[in-house]
Amino acid sequence: MEEAQKILVVDYERFNINVLVDLLKPSYKMMAAKNGQQALKAARSANPPDLILLDIMMPEMDGYEACRQLKADAATRDILVVFVTAMGETSDETKGLEVGAVDCLTKPISPPIVQARVKPHLALKRNMAELQKFIITM
């Protein structure tokens, strides 16, 4: 049996963290952080997440800056980032994708949409890792 993949939820509102953790914990290992600095620390840990659900609007360091730093660091650049935000303008989503996110979800979240978006991103990540192992052993 494959080990469950790990998701880090980053939001300064505890309620938003709880909603996403409760939704996804039956299928994934879950972690939480309340700000960008905690997210970077978790991403750089010995057991980093496979995917980060990252709020854009946070005090001190917004999600865009946290994503920029993740993508600039060789140790964390391959972690998938999905923005989860109340900001619904096309320009907000475009900016998120430009700084390195693979997807954007809007708040209030739709549980089936969150699950439907997270699952293929993590499946692709797992398949890419298996392909890399295969290529290395050739």
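The values are calculated or read from the model by the stated rules, or taken from the named source; none is laboratory data. Please read all numbers here as calculations on a predicted model, not as lab measurements. Here the Cβ is made from the backbone with ideal geometry for all residues, glycine too, and neighbour counts use every protein chain on show. Please note that ligands, DNA and RNA were not included when accessible areas were found on the heavy atoms of the full protein model with its side chains. Shrake-Rupley method; radii C 1.70, N 1.55, O 1.52, S 1.80 Å.
Being open to solvent by 50 Å² or more (accessible area, probe 1.4 Å) and outside any loop (DSSP other than H, G, I, E, B) is the filter here, so list the residues in the stretch 80-91 that pass it.
Listed by number, the residues that qualify are Thr90, Ser91.
Answer yes or no: is there a residue in the stretch 55-72 that is within 17 Å of Ile7 (Cβ to Cβ), in a strand (DSSP E or B) and charged (D, E, K, R).
yes
Could you tell me how many of the residues in the stretch 92-101 are open to solvent by 60 Å² or more (accessible area, probe 1.4 Å) and either closer than 15 Å to Ile7 by Cα or touching a strand residue (DSSP E or B) at 6+ places or on another chain (Cβ under 6 Å) (or both)?
1
How many residues are open to solvent by less than 80 Å² (accessible area, probe 1.4 Å), more than 15 Å from the chain's Cα centre (by Cα) and not aliphatic (A, V, I, L, M) when one looks only at the stretch 108-133?
The qualifying residues number 2.
Given the criterion under 14 Å from the mean Cα position of the chain (by Cα), open to solvent by 50 Å² or more (accessible area, probe 1.4 Å) and closer than 21 Å to Thr106 by Cα, identify the matching residue among Arg77, Arg44, Arg68.
On the way: Arg77 fails: closer than 21 Å to Thr106 by Cα; Arg44 fails: closer than 21 Å to Thr106 by Cα.
Exactly one residue qualifies, and that residue is Arg68.
Looking only at residues in the stretch 10-28 that are in a loop (DSSP other than H, G, I, E, B) and under 20 Å from Leu80 (Cβ atoms), which one is least open to solvent (accessible area, probe 1.4 Å)?
Among them, the one singled out is Asp11.
For the stretch 36-52, what are the residues that are closer than 21 Å to Met128 by Cβ and in a helix (DSSP H, G or I)?
Once the filter is applied, which keeps residues that are closer than 21 Å to Met128 by Cβ and in a helix (DSSP H, G or I), the stretch 36-52 yields only Ala43.
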